[in-house]
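Data block below; observations after.
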Amino acid sequence: MRAAFIFHLITLFRHQSRLLVVLTLGLAINEPALAANNRCNEPIFGVAGVRIDQRAENASKARDMGIRNAAERAFAIVLDRLLPSADGQAQFMAAHDLDDFSDFTHIVEENNLEQRYIATLDFCFDAARLRQAMIAAGLQWSELQSPPILVVPVWEGPDGARAWYRDNKWLAGWWDAVASYSGLLSLRQLDRNLINERQFRGEDLADANPAKLATAASLVKAEQIMVVMAALDYDGSKPVITITARLFDKNGQLLTDILYGDQVVLTNLDQDGLDEIRRKIIAKMGSSWHMANLIDGAAADYLQVFMPVSSIKEWAKRLTALNEVAVVQSYDILSLDTKGGQVVLRLVGSREALGNALSAHKLELVDDDGRLLIKAKPKNS
């Protein structure tokens, strides 16, 4: 029976597109599509918790205006997430109506008053239609969410390094920045509680103590840690802040410097100046991730890989992963036996983008003496 089933898989999948594979393995792959209709199946194409407080001459008009305005805000957030340039976003908005891409709207809560509409809504936009429209417009986009990144802000003043002062504008502002961020970076922070305050002292975090960073990352299941430190000094009466932003792996080992020793002279330590620094750091991180994972539907490349597996179940999981990787537009299965299958991928992005996307499924792309493999990542990696 098993040999016959393997041959059946080859017959069905050979030279078939992604769509046909999804249909063939419907029981294993379509389950997310059966989820409740108040949840976006592809979260990158959705926005949750959009708040409305709209006034108008009557309740009906207030509701219609409020929902429309909220939908436009949600659509702008999705486009900002996907498209790397403001010009590309504006171009797309001008040429398309968001109604063409609306999937569903879920009302979390609402209150209809005589001349006012107050509500919280979730919006989901159709991923397939948006992708096709961006391809038709000749646009490049990214839709892969980054691995979880723990953001660790530190303030270094005359009294030493601090990480937990609630009334410090640099530290408190990072909490707001992470909470309000809606891009492709998966940003996290430690809970502000007494246990963490005692365990993770400002001095240790400022020194990037590997053991402390690794422990902190494990608490929030982060794959990377970004330590963002602001050191205060004065040039006469003017405050000068030296900014350092460094990225570490989950074991506390340095990966790269995002900003190192950048000096900013502020007229005062107001929130606006510090907010601008935070935006610069997040934007630089986001841009790097965006550019590394660009999708270009008009520029395809082909890559032949071998996917080693030990069972039909494992093979089905590999195909499910390929179906969910946006940079793989389609694939052909050339051969399949008890050891695995040879597959040709049609890529609409770089190998780096493919590797990043596979990593989200606990897979990796490796070169084995000239032969490319897609296989499971080591458990401790």
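Taken together, the values in this text are just the output of simple stated rules run on the coordinates, not laboratory data. Given the structure is predicted, the values throughout are model-derived calculations rather than measurements. Note: ideal-geometry Cβ built from the backbone for every residue, glycine included; neighbour counts use all protein chains shown.
Once the Cβ-Cβ distance of ALA95 and ALA59 is raised to the sixth power relative to R0 = 30 Å, the FRET efficiency obtained is 0.35.
Distance distribution note for segment 148-292: the fraction of Cα pairs above 17 angstrom is 58%. Averaging the Cα positions of each part gives two centres, and for segment 282-344 and segment 198-240 these lie 36 Å apart.
For GLU364, neighbours were defined as the other residues whose beta-carbon sits under 9 Å from its Cβ, and their charges (Lys and Arg +1, Asp and Glu -1) total +3. Among all the aspartates and glutamates, which ones have a C-alpha under 16 Å from LYS313's C-alpha, if same-chain residues fewer than 8 places away are not counted? Excluding near neighbours in sequence, the set is GLU31, ASP337. Would you please give the FRET efficiency between LYS280 and LEU254, computed as 1/(1 + (r/R0)^6) with r the Cβ-Cβ distance and R0 = 22 Å, to the nearest 0.05? According to the calculation, E is roughly 0.60. The equivalent ellipsoid that matches the C-alpha gyration tensor of the chain spans semi-axes of 40, 31, 19 angstrom, in descending order.
A Förster distance of 51 Å, applied to the separation of the beta-carbon atoms of ARG116 and ALA300, puts the FRET efficiency at 0.50.
The label-point distance for ILE77 and LYS169, in a model that sets each label 7 Å from Cα toward Cβ, rounds to 2.7 nm. Could you tell me how many degrees, from 0 to 90 and to the nearest 10, lie between the Cα long axis of helix 86-95 and the main elongation axis, the longest principal axis, of the Cα atoms of the chain? Once rounded, the angle reads 60 degrees. Sorted on the mean count of surrounding Cβ atoms within 10 Å across their residues, most packed first, peptides 184-190, 232-238 read 184-190, 232-238. The convex hull drawn around the Cα atoms of segment 35-136, when projected onto a plane and averaged over every direction, covers 6.7 nm². The aspartates and glutamates whose alpha-carbon is closer than 19 Å to the alpha-carbon of LYS61, local same-chain residues fewer than 8 away aside, are ASP53, GLU72, ASP99, GLU109, GLU110, GLU114.
Give the aspartates and glutamates whose C-alpha is closer than 13 Å to that of LYS212, dropping any in the same chain fewer than 8 places away, or say none. Straight-distance partners of LYS212: GLU197, GLU203, ASP204, ASP249.
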